[in-house]
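The values are calculated or read from the model by the stated rules, or taken from the named source; none is laboratory data. As the structure is a computational prediction, the values presented were derived from the model and not from experiment. Quick reminder, even Gly has a Cβ in these numbers, built from the backbone with ideal geometry, and neighbours come from all protein chains shown.
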Amino acid sequence: MVMELAEKIMMQAVSENIFPGGVLLVSVKDSVIFHGAFGLANIISGERMTTDTIFDLASLTKPLATTLAVMKLVQEGRLETDDKLGAILPESRNTDKEKIKIRNLLCHDSGFPDYRPYYLTIKDIPQKDRQIALRKMLVKEPLLSKPGEKTLYSDLGFMMLRWVVESVSEQRLDHFVADEIYKPINLKNLFFVDLNTKNESEKTKNKMFAATEICPWRGRLLVGVVHDENAYAAGGIEGHAGLFGAAPDVGSLLNRLLFAFHGISDDRLIVPELVKTFFDRQEGTDWALGFDTPAATGSSCGKYFSRRSVGHLGFTGTSFWMDLDRFVSVILLTNRVHPSRNNMEIKEFRPVLHDAVMIDLLERGIL
């Protein structure tokens, strides 16, 4: 059986409570080498994980929605990565935000803090006024450093990028990525859940979601509702979190980008030159534009992925890594925050799994 080692490690992770359940999808070029489901999607109901289970992708929203929206706008000539916020958002003019470039936000050296609990303030504001209030707080938030000076992974930077995308496109972020990226390539299991629209029931009907946290703040188990508090308070759609998806659709999207990177794509979803630009590691950092790259030591993708790889992690227990040289994609989706975010065992598990996948592929002569 292909991927025996990786499968064994996934089953062991469930038995050791690293996560209640997970889905692993491994592809090489355009061939799926392994796609398996393990454990439980919901420990309370006893629902088992399936290969089509929908996950709260958490920060995979950053590369798979917000960054792709920026790429699309750049491709259409409506935005440039060196454009400054002051030229796009009038509210940022005459503030310390006006000279922040789009590329600063994408590679996390804008100077924005990593996180602020804005939800504690906006939760008491009428829903229709929350986005305006949130953006006022973003503009007023003091920068911790000058743009381009220091790298600090930031949710706030991607909340600003949502604002940029919506200002330039004149569409809400979730509508723009659906219309311009997901629908054209028939991805039905990548979507945001708008918490303020009852029409969302058609989108989520007959879909099985992996449960996340029993949330102390919201006082209930979260299923099919965004886990991130700031995204939740904003209505379910944000630039840093809010995207839901299943492994096959994540894999399909990543393969489009991978093939475009190599110039062998048969569509123009994102042109190869642009994919190469966004996948290029930025000087003095481990970040590309919107995508992570392997750290010199201790990377979550383990020891065997080439330095020319891109990926990203999500707080709920999700991740993907693509080795651009070897055409390898590894997607790991888990519900490690179910029932509590205090379970941090996945940090040590990720590199072990990725090493096992690569060892399997190498030993079987697939690479």
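Filter the stretch 168-203 down to the residues that are exposed (fewer than 14 other Cβ atoms within 10 Å of the Cβ) and without any contact (Cβ under 8 Å) to a residue 60 or more places away in the chain and list them by number.
170, 179, 183, 186, 197, 198, 199, 201, 202
Only one residue in 138, 195, 187, 134 is closer than 30 Å to residue 284 by Cβ, hydrophobic (A, V, I, L, M, F, W, C) and either in a loop (DSSP other than H, G, I, E, B) or out of contact with any strand residue (DSSP E or B) (no Cβ under 6 Å at 6 or more places or on another chain) (or both). Which one?
138
Find the residue count for the stretch 63-96, including only residues that are farther than 26 Å from residue 322 by Cα and within 22 Å of the chain's Cα centre (by Cα).
Of the residues in the stretch 63-96, 1 are farther than 26 Å from residue 322 by Cα and within 22 Å of the chain's Cα centre (by Cα).
Counting just the residues of the stretch 90-112 that are of a type in the set (Ser, Thr, Tyr) and part of a loop (DSSP other than H, G, I, E, B), which one comes out surrounded by the most Cβ atoms within 10 Å (Cβ to Cβ)?
The extreme case among them is 110.
Just name the residue that is farthest from residue 301 (Cα to Cα) out of those in the stretch 338-359 that are crowded, with 21+ Cβ neighbours inside 10 Å and not aliphatic (A, V, I, L, M).
338
Pick from the stretch 253-274 the residues that are within 21 Å of residue 33 (Cβ to Cβ) and surrounded by fewer than 16 Cβ atoms within 10 Å (Cβ to Cβ): which of them is nearest to the chain's Cα centre (by Cα)?
Per the criteria, the residue is 262.
Being closer than 14 Å to residue 236 by Cβ and at pLDDT 95 or above is the filter; apply it to the stretch 117-129 and report the residue that is farthest from the chain's Cα centre (by Cα).
The selected residue is 122.
Considering only the stretch 306-340, state which residues are under 17 Å from residue 255 (Cβ atoms) and either in contact with a Gly (Cβ under 8 Å, 6 or more places away or on another chain) or free of Cβ contacts under 8 Å to residues at least 12 places away in the same chain (or both).
Matches in the stretch 306-340: 319, 320, 321, 322, 329, 331, 332, 333.
Would you confirm whether any residue within the stretch 29-41 is assigned by TED's automatic domain parsing to the domain that holds residue 206, farther than 24 Å from residue 150 by Cβ and either in contact with a Phe, Trp or Tyr (Cβ under 6 Å, 6 or more places away or on another chain) or in a helix (DSSP H, G or I) (or both)? Step through it out loud before you land on a result.
Restricting attention to the stretch 29-41, the residues satisfying the condition of being assigned by TED's automatic domain parsing to the domain that holds residue 206 are 29-41.
Narrowing further to those that are farther than 24 Å from residue 150 by Cβ: 29-41.
From what's left, either in contact with a Phe, Trp or Tyr (Cβ under 6 Å, 6 or more places away or on another chain) or in a helix (DSSP H, G or I) (or both): 29.
Within the stretch 29-41, one or more residues are assigned by TED's automatic domain parsing to the domain that holds residue 206, farther than 24 Å from residue 150 by Cβ and either in contact with a Phe, Trp or Tyr (Cβ under 6 Å, 6 or more places away or on another chain) or in a helix (DSSP H, G or I) (or both).
Counting only residues that are farther than 19 Å from residue 60 by Cβ, touching a residue at least 40 places away in the same chain (Cβ under 8 Å) and in contact with a Pro (Cβ under 9 Å, 6 or more places away or on another chain), how many does the stretch 140-165 have?
So the answer is 3.
Being among the β-branched types (Val, Ile, Thr) and surrounded by fewer than 20 Cβ atoms within 10 Å (Cβ to Cβ) is the requirement here; does residue 81 meet it? Give the derivation first.
Values: among the β-branched types (Val, Ile, Thr): yes; surrounded by fewer than 20 Cβ atoms within 10 Å (Cβ to Cβ): yes.
Answer is yes for this residue.
Got a number for residues in the stretch 302-359 being among the acidic types (Asp, Glu) and either closer than 24 Å to residue 260 by Cβ or at pLDDT below 95 (or both)?
Adding up the residues that qualify gives 2.
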